[in-house]
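Right, one structure below, let's go through it.
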Amino acid sequence: MHIPDGYLGPTTFIVMYLIMIPIWLYAGYWVQKSLRSRQVPYLALGAAFSFVIMMFNVPVPGGSSGHAVGSALVGIVLGPWAAVVTTSCALLIQCLIFGDGGVTAFGANCFNMGTVIPFVGYYTYKLISGKSEITSNLRIAAAGIGGYLGLAVASGVAGFEMGIQPILEHTASGTPLYMPYGLNVTVPAMLIDHMGFFCWVELIITALGFAYIAKNSPEVIFDYKPDTAKKPDVSKGVPAL
Amino acid sequence: MMSFKNMDKTFRVLIYAMIALVILVPIGLIATGTAYGEWGPDELQQAVGYVPAGLQQLNGLWSAPLQDYGLPGQGDTLPEQTPGYYVSAIVGCVVVGGVAYLLGKTIIKRND
């Protein structure tokens, strides 16, 4: 889903950068406000995990290939805004060092993979899991379905961005200047490849990763609240102002 | 107070899982097809019969040091690609993790 340079025209890639600027700023603010310093190693791990999981290309019958992204898992564990930060880090390095994803399309890629996946993933997970126990099977299934849907929606959004190019950017005679295929081709192609194959990988890694963390260290999960009411810590006396 | 004694152990196990992923990373080389919408100009030429002018212009705007997760000048067989893929996975994990760590350290001040 890494859109390369040349597939999106200037109108689209500039708009996508403009959309991402406030998202990046708010994500940074949220991370500062909501995460604690002991979660920084998890932030780094989440970013590196996204990077490496994207190297596991899955072949698709018909000659194409693709991969999971891992940002739904980060979104559920550290919060969707934190996943914006970790996935954007991975995408930046992929773009600059490995030529995966265009420099001009960086904003669009951060929107599709770094924003749509964790938000759709997290809210799907939250909706399905409700008030169930942190280690319940329902919650593990919810995480998996969140991963599946997050990647599916993101692939449709990426397909849409590419598919509107022949309408937006063409020569006087109508020849496309960038992505030559229209919406009727790009959206179904992206959805079929992802929903048929890569979303299943996203489902499995999100469910497994979530199950492991929820069972062993639920306190890492950003919105986890223990069942027993938190006792005030009297040993430290009056809280510092 | 919430207990954080498991946190270090969980983190260690997750690091081992990451190392396992890096060791297994050549599996990702088995899929040789180009992802949808990521074709090079030559592939587009074959598919639609021309290379869109704007695409031609923007294509190759940036030259990456480890283009396509490989070493410069490597062959295109699986054994020839594997070392470069390993180098890419290790460099990528360290740099991506490092950037996220430094960013986190810089902006996160809460210690509660």
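For segment B:24-76, give me each residue that is loosely packed, with under 13 Cβ neighbours inside 10 Å, among the small types (Gly, Ala, Ser) and part of a loop (DSSP other than H, G, I, E, B).
Residues satisfying the conditions are B:Gly49, B:Ser63, B:Gly73, B:Gly75.
Out of curiosity, is A:Ser88 within 12 Å of chain B (Cβ to nearest Cβ) and buried (at least 22 other Cβ atoms within 10 Å of the Cβ)?
On the way: within 12 Å of chain B (Cβ to nearest Cβ): yes; buried (at least 22 other Cβ atoms within 10 Å of the Cβ): yes.
Yes.
Specify which of the listed residues (A:Val58, A:Val40) is touching a helix residue (DSSP H, G or I) at 6+ places or on another chain (Cβ under 8 Å) and without any contact (Cβ under 8 Å) to a residue 40 or more places away in the chain.
Criteria check complete, one pass: A:Val40.
For A:Tyr181, all conditions in the list (1) part of a helix (DSSP H, G or I); (2) without any contact (Cβ under 8 Å) to a residue 60 or more places away in the chain; (3) in contact with a helix residue (DSSP H, G or I) (Cβ under 8 Å, 6 or more places away or on another chain) hold save one; what is the number of the exception?
That leaves (1) as the condition not met.
Would you point out the residue of segment A:3-60, among those that are surrounded by fewer than 21 Cβ atoms within 10 Å (Cβ to Cβ) and under 18 Å from B:Trp62 (Cβ atoms), that is nearest to the other protein chains (Cβ to nearest Cβ)?
A:Pro10
Which residues, counting only those in segment B:89-112, are at the interface with chain A (Cβ under 7 Å from one of its Cβ atoms) and either farther than 18 Å from A:Ala44 by Cβ or touching a residue at least 40 places away in the same chain (Cβ under 8 Å) (or both)?
Across segment B:89-112, the qualifying residues are B:Ala89, B:Cys93, B:Asp112.
Quick one: in segment A:61-85, of everything that is farther than 20 Å from B:Asp112 by Cβ and surrounded by fewer than 24 Cβ atoms within 10 Å (Cβ to Cβ), which residue is nearest to the chain's Cα centre (by Cα)?
Pass one, segment A:61-85, residues farther than 20 Å from B:Asp112 by Cβ: A:61-76, A:80, A:83-85.
Pick out the ones that are also surrounded by fewer than 24 Cβ atoms within 10 Å (Cβ to Cβ) and you get A:61-65, A:67.
Working: A:Pro61: 25, A:Gly62: 26, A:Gly63: 25, A:Ser64: 21, A:Ser65: 19, A:His67: 13 Å.
For segment A:61-85, the residue satisfying everything is A:His67.
Restricting to segment A:188-209, give me the number of residues that are within 17 Å of the chain's Cα centre (by Cα), crowded, with 21+ Cβ neighbours inside 10 Å, of a type outside the set (A, V, I, L, M) and farther than 12 Å from A:Gly150 by Cβ.
1
This table checks each residue for (1) closer than 19 Å to A:Leu8 by Cβ; (2) part of a helix (DSSP H, G or I); (3) within 12 Å of the chain's Cα centre (by Cα); (4) of a type in the set (S, T, N, Q).
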site	(1), (2), (3), (4)
A:Asp100	yes, no, no, no
A:Thr104	yes, no, no, yes
A:Cys110	yes, yes, yes, no
A:Gly114	yes, yes, yes, no
A:Pro118	no, yes, yes, no
A:Gly121	no, yes, yes, no
A:Thr124	no, yes, no, yes
A:Leu127	no, yes, no, no
A:Ser132	no, no, no, yes
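(1) crowded, with 23+ Cβ neighbours inside 10 Å; (2) over 20 Å from A:Ile213 (Cβ atoms); (3) at the interface with chain B (Cβ under 7 Å from one of its Cβ atoms): which one isn't true of A:Leu96, the others all being true?
Failed condition: (1).
What are the residue pairs meeting all of these: first residue in segment B:23-39, first residue on the phi > 0 side of the Ramachandran plot and modelled with pLDDT of 95 or more, second residue hydroxyl-bearing (Ser, Thr, Tyr) and in a helix (DSSP H, G or I), Cβ atoms under 8 Å, and 6 or more apart or on different chains?
Sorted first by the residue in segment B:23-39, then by its partner, the pairs are B:Gly37/A:Thr186.
The values are calculated or read from the model by the stated rules, or taken from the named source; none is laboratory data. Keep in mind that what you see is a predicted model, and the values were worked out from it rather than measured. Quick reminder, even Gly has a Cβ in these numbers, built from the backbone with ideal geometry, and neighbours come from all protein chains shown.
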